[in-house]
1. Could you say whether any residue in the stretch 25-37 is aromatic (Phe, Trp, Tyr) and buried (at least 18 other Cβ atoms within 10 Å of the Cβ)?
2. Could you check the stretch 352-376 and list, in sequence order, the residues that are in a helix (DSSP H, G or I) and either aliphatic (A, V, I, L, M) or surrounded by 12 or more Cβ atoms within 10 Å (Cβ to Cβ) (or both)?
3. When you scan the stretch 101-120, how many residues do you find that are closer than 13 Å to ILE74 by Cα and either within 21 Å of the chain's Cα centre (by Cα) or in a loop (DSSP other than H, G, I, E, B) (or both)?
4. Any residue in the stretch 252-275 that is in the same structural domain as ALA383 (by TED's automatic domain parsing) sitting within a Cβ distance under 6 Å of a residue that is among the acidic types (Asp, Glu)? List the pairs, counting only those 6 or more apart or interchain.
5. Which pairs do you get when a residue that is more than 10 Å from the ligand (Cβ to nearest atom), found in the stretch 23-36, comes within reach of a residue that is outside any strand (DSSP E or B) and of a type in the set (D, E, K, R), reach meaning Cβ atoms under 7 angstrom, with the pair 6+ apart or on two chains?
6. Which residues, taken from the stretch 37-54, are over 18 Å from LYS90 (Cβ atoms) and within 13 Å of the ligand (Cβ to nearest atom)?
7. Would it be correct to say that VAL303 is part of a helix (DSSP H, G or I) and either of a type in the set (Ser, Thr, Tyr) or buried (at least 21 other Cβ atoms within 10 Å of the Cβ) (or both)?
8. Which of the numbered conditions does ARG131 fail, given that it passes all the others? Conditions: (1) over 23 Å from LYS58 (Cβ atoms); (2) surrounded by 20 or more Cβ atoms within 10 Å (Cβ to Cβ); (3) within 16 Å of the ligand (Cβ to nearest atom).
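The values are calculated or read from the model by the stated rules, or taken from the named source; none is laboratory data. Only a predicted model underlies this, so the values are computations on that prediction, with no experimental measurement involved. Glycine also receives a Cβ, built like all others from the backbone with ideal geometry; neighbour counts cover every protein chain displayed.
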Amino acid sequence: MEIVSNIHYVGVNDRTKTLFESLWPLPNGVSYNSYLIDDERVTLIDTVDSNFFELFLKKIQSIIGDRPIDYLIINHMEPDHSGSINLIKKFYPNITIVGNKKTFEMIEGFYGPVGEKVVVAENNTLELGKRTLKFFMIPMVHWPETMATYDIDDAVIFSGDAFGCFGALNGGVIDSKIDTSIYWDEMVRYYSNIVGKYGSPVQKALDKLKELKINAICSTHGPVWTTERCKVIDIYDRMSRYDSEKGVVVAYGSMYGNTAEMAELIAQELNELGIKKVVVHDVSRTPHSYIIADVFRYKGIIVGAPTYNNQMFPDMEALLSKLAARDIKNRVLGFFGSHSWASAAVKRIEEFNTKLKFEVISAPVDMKHSMKPDVAQHCKELARAMVERLDADLKK
Ligand code: FEO
């Protein structure tokens with residue numbers, strides 16, 4: 001699979017892993033992308049998860065036969081990309097590893113002595129023969145050592161996790177030759193789940209890359225982006241600025257259906273007041289990965305939970321913890337809860353919002369036992385307050 005002349009895709013698909021980082025569902029699998037530049041000095045960019053090394057090696061050998069690899073460039077050290085470093089060194093003992101200062105601290109920590117190495121820094125170049133590569137540090141996209149490698153001659157950027165997405169590759173690799181429609185939602189989910197906390201570093205990386213002519217984006221996960229590269233850059237730009245659409249995520253936990261009834265009523269009222277994009281999630285059933293993606297998409301979030309052991313319902317606390325860990329900005333929050341004898345859930349949600357730092361739209365709705373006309377009215381008022389807040393943005 002040649003991306004441009006002498007730059008080959010040698011990545012692999014993982015259709016067996018069910019949870020990425022043991023957290024995030026992979027219904028369509030994931031690819032670990034690696035690229036081989038067949039120049040005077042043969043160069044490999046990143047490796048793959050070590051479980052796929054045999055196939056990875058076969059792909060490399062199908063291109064270069066018995067010739068050695070001169071350089072292994074490590075853009076990112078997370079083990080889904082660095083896991084095969086030692087195996088590559090075993091098969092290519094004279095290989096020189098190329099990375100930055102932080103890369104090598106991590107290689108030694110994870111895999112032991114590095115061997116031959118070239119330490120690069122911002123704007124350094126590496127001559128391969130016909131091609132010249134240039135390096136850009138893009139720390140925290142997604143780890144502190146992460147860098148991007150740029151092929152000056154054909155304007156190809158090897159971007160690490162930046163511009164990546166979930167979803168294995170179905171035969172083809174290059175966007176212009178495949179159906180890309182399956183990847184857009186998975187890009188939002190990948191960004192929000194994996195890179196979402198690092199909006200500011202992503203913006204800094206985008207600023208650097210803005211200066212470059214880019215014909216192809218070769219990330220570590222998902223398709224190679226050529227014809228649709230501008231759309232991909234735009235998605236990463238909007239998400240890292242915490243930009244949002246007019247819409248509301250209603251997320252609730254419910255043991256016996258009473259809190260669910262409040263959620264349904266709020267969602268119905270939101271819709272009646274003109275909000276088309278309302279998504280309702282039961283936090284005990286929808287994997288939080290998808291709820292997080294929707295919170296990155298939409299401006300409004302309304303959460304509700306019953307009181308459980310004088311705390312908020314645990315699955316809601318788990319969701320809010322994951323949201324707080326992502327430092328999502330510019331979101332507005334409404335909340336509600338229910339209880340049977342002592343009310344705690346709404347207080348706990350309010351306390352939790354000191355971590356979330358979302359703008360609260362109105363007082364919460366707290367229901368005892370079951371739905372009554374006054375509670376229904378309060379639920380509708382909560383929905384109305386959300387709509388008014390969202391409309392206020394449009395009037396600015
Ligand atoms: Fe796909 Fe941050 O590694």
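1. Looking only at the stretch 25-37, we keep the residues that are aromatic (Phe, Trp, Tyr), and these are 32, 35.
Next, only the ones that are buried (at least 18 other Cβ atoms within 10 Å of the Cβ) stay: 32, 35.
Yes, that holds for at least one residue.
2. Residues satisfying the conditions are PHE352, ASN353, LYS355, LEU356, VAL375, ALA376.
3. Number of matching residues: 2.
4. GLY253/ASP315
5. LEU26/LYS17; ASN28/GLU186; GLY29/ARG15; SER34/ASP46
6. Across the stretch 37-54, there are no qualifying residues.
7. Numbers: part of a helix (DSSP H, G or I): no; either of a type in the set (Ser, Thr, Tyr) or buried (at least 21 other Cβ atoms within 10 Å of the Cβ) (or both): yes.
When the stated conditions are applied, VAL303 does not pass them.
8. All conditions are met except number (3).
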